[in-house]
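Worksheet for the structure shown next.
Only the coordinates and a few stated rules stand behind these numbers; no lab work does. All values reported here derive from a predicted model rather than from experimental measurement. Cβ coordinates were reconstructed from backbone atoms using ideal geometry, including for glycine residues, and neighbour counts include every protein chain displayed.
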Amino acid sequence: MPGSRTPHGHQPYLVERDGEVWSVATNGRVLVFLAGKAADFEPAPPVVAAQLLHFIDPVGRSTSFYLHELKEYLGAPVWPVQCPQCHGQGTGAAGACSQCKGDGGFPPEPRPGWVFSVLLDRNLLARALEPLQAEIVWVHGQDCRKPFWVVADAWRVVQVPLSAPNGHDPNSWEADSYPRLGG
Ligand SMILES: [Zn+2]
């Protein structure tokens, strides 16, 4: 079900920086930068390119993990279930599909956990990392209001942490009991 992996309105793009081309894809909460030109991506319009490049350089303190160790901690990725009414199209007779509200599917439950002091949906990160390979990766984190990076030589993943506004208060007792990887 490849369609369900590309939410509506989030087109993959090519961006250029310092003479290097990166392929970028996002679903609004995770950005994936791949070094080089991927398949049929199109150059991003300048405004979009500037927005995307804002997230290319990691910020914050960092630590390294073996990628397999990180993936093991995150668990197996679970993908959205395709909407049975519109078959992932997101559209119905009167505009947006009435069952999925235009999303084309239903997202899996978040799988909260801490990585290097940042509270993340581990499933979302597992999905982004699934096709990516590396031996060692650098993780950059600040706090739960700032982006979180996983950086390898040939790719970078940037994720929005879980936070109070999206229903996960990192200071709650519940959040304190979530699993942890790194200090
Ligand atoms: Zn639908």
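Taking the Cα centre of the chain as origin and assigning +1 to Lys and Arg Cβ atoms and -1 to Asp and Glu Cβ atoms, the resulting dipole is close to 240 debye. Computed over the alpha carbons of the stretch 1-133, Rg followed by Dmax gives 16.7, 50 Å.
Packing, as the average of other Cβ atoms within 10 Å across residues, places the peptides 78-87, 141-150 in the order 141-150, 78-87, highest first.
Per the helix-only calculation at 222 nm, which mean residue ellipticity applies to the chain, given -39500 (n - 2.57) for every DSSP H run of n ≥ 4 and division by its residues, nearest 500 deg cm²/dmol?
-4000 deg cm²/dmol
What ranking do 44-53, 24-33 get when scored by the average of other Cβ atoms within 10 Å per residue, highest first?
With the highest mean Cβ count within 10 Å placed first, the list reads 24-33, 44-53.
Annotation for ASP169 and THR63: the two label points, set 7 Å from Cα along the Cα-Cβ direction, are 2.6 nm apart. For the listed peptides 118-128, 94-104, a ranking on the average number of other beta carbons within 10 Å per residue, highest first, reads 118-128, 94-104.
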